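Here is the structure we will look at.
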There are 2 protein chains.
Amino acid sequence: MVSSPVNDCGPRDVYSAACPCRDMLDLLANKWSALALGALQDGPRRFGAIRSRLEGISPKVLTHTLRRLEDHGLVNRTVYPAVPLHVEYELTDLGRDACAPLALLRTWVEDNIHRFPVAS
Amino acid sequence: MVSSPVNDCGPRDVYSAACPCRDMLDLLANKWSALALGALQDGPRRFGAIRSRLEGISPKVLTHTLRRLEDHGLVNRTVYPAVPLHVEYELTDLGRDACAPLALLRTWVEDNIHRFPVAS
DNA sequence: GGATCCTAGTTCCCGATGGGAACTACAATT
DNA sequence: AATTGTAGTTCCCATCGGGAACTAGGATCC
């Protein structure tokens, strides 16, 4: 039984600079990551669909965001070599699980935005 | 009855670029903000205490992070003009409430870090 | 009375990241 | 030959993040 390529860190503490948790928090605690994962919650979506859902994102930043999520095993990228080109992104099991705390954060912001002082 | 200085946005949608929710998500969905608010969960802390808890943060970035949180009503900053200088940061009610979803995110990362593929 | 210590920052510099606008590749369609 | 549509890439610039060093102001040490 070979070991899978997973992190076997000892401490598991986001407050420890050396722990890989820090990098994962950096990935997930990010505006575009939180929105992109949410956009994939209801099933696979194409690049263009995600782009219009994440109002205001530039294609460059979206590509970068999706690649990071893919590299960390949260999202799968599938290319259908049709014409015009068709690329689909979907959550992995890990990505689906990560959606729960991020969805809570998004809805907390929406539910409590009226409590924030106006920006000066 | 005058209106309090709060956001009275209509849509309340983090996916809308114009909604102030977007700015709040940008503030909270941030590595240092998430860690700093967590560091204040158990009561007021001094600058130096927060700095050592957030292992690896530079004083410049910590100052900037705390100022942003203060400007948005999540944290109060109190200066005790003793010698040596003594400055305390503590959560506001809003900041305390924001801690809940952020704490879930931090613990989700710690609990699931073993499932992430190792960084290549 | 000058040097040192303490906290809570600020300043400088530089590399990484984020954002807008324009450009690319590919092949089917007009 | 020109246009269309998708999924990007490239260029350039502004902002952000990070390390190292420096600052302020009074108390304490020698």
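Considering only region A:82-89, I want to know if a residue exists there that is modelled with pLDDT of 95 or more and away from DNA strand C (no atom under 12 Å from the Cβ).
yes
Of the conditions (1) surrounded by 14 or more Cβ atoms within 10 Å (Cβ to Cβ); (2) within 7 Å of another protein chain (Cβ to nearest Cβ); (3) farther than 20 Å from A:ARG115 by Cβ; (4) small (Gly, Ala, Ser), B:ALA49 fails just one. Which one is it?
Going through (1) surrounded by 14 or more Cβ atoms within 10 Å (Cβ to Cβ); (2) within 7 Å of another protein chain (Cβ to nearest Cβ); (3) farther than 20 Å from A:ARG115 by Cβ; (4) small (Gly, Ala, Ser) one by one, B:ALA49 breaks only (2).
Looking at (1) surrounded by fewer than 20 Cβ atoms within 10 Å (Cβ to Cβ); (2) assigned to a helix (DSSP H, G or I), which one does B:GLN41 not meet, given that it meets all the others?
Result: B:GLN41 passes all but (2).
Can you name the residue in region A:53-64 that is near DNA strand D (Cβ under 8 Å from one of its atoms) and not aliphatic (A, V, I, L, M) and is also nearest to the other protein chains (Cβ to nearest Cβ) among such residues?
A:SER58
Looking for whichever is at the interface with chain B (Cβ under 9 Å from one of its Cβ atoms) and either under 26 Å from B:LEU91 (Cβ atoms) or touching a strand residue (DSSP E or B) at 6+ places or on another chain (Cβ under 8 Å) (or both) here; the options are A:LEU94, A:LEU85, A:LEU102, A:LEU69. Which one fits?
From the options A:LEU94, A:LEU85, A:LEU102, A:LEU69, the qualifying one is A:LEU102.
Could you check, for region A:15-36, whether at least one of its residues is outside any helix (DSSP H, G or I), of a type in the set (S, T, N, Q), at the interface with another protein chain (Cβ under 9 Å from one of its Cβ atoms) and more than 12 Å from DNA strand C (Cβ to nearest atom)?
Yes, region A:15-36 contains a residue that is outside any helix (DSSP H, G or I), of a type in the set (S, T, N, Q), at the interface with another protein chain (Cβ under 9 Å from one of its Cβ atoms) and more than 12 Å from DNA strand C (Cβ to nearest atom).
How about region B:71-85: which of its residues are surrounded by 13 or more Cβ atoms within 10 Å (Cβ to Cβ), out of contact with any Gly (no Cβ under 6 Å at 6 or more places or on another chain) and touching a residue at least 12 places away in the same chain (Cβ under 8 Å)?
B:HIS72, B:GLY73, B:ASN76, B:ARG77
Provide a single number: the residues in region B:30-52 that are within 15 Å of DNA strand D (Cβ to nearest atom) and more than 24 Å from A:VAL109 (Cβ to Cβ).
5
Out of all the residues in region A:18-28, is one or more of a type outside the set (D, E, K, R) and either away from DNA strand D (no atom under 16 Å from the Cβ) or surrounded by fewer than 18 Cβ atoms within 10 Å (Cβ to Cβ) (or both)?
yes
Any idea which of (1) within 10 Å of DNA strand D (Cβ to nearest atom); (2) surrounded by 14 or more Cβ atoms within 10 Å (Cβ to Cβ); (3) under 13 Å from the mean Cα position of the chain (by Cα) is the one A:ARG67 doesn't satisfy?
(2)
The values are calculated or read from the model by the stated rules, or taken from the named source; none is laboratory data. The model shown is predicted, which means the values in this text are computed figures rather than measured ones. Heads up, the Cβs are rebuilt from the backbone with ideal geometry, glycines too, and the neighbour counts pull from every protein chain shown.
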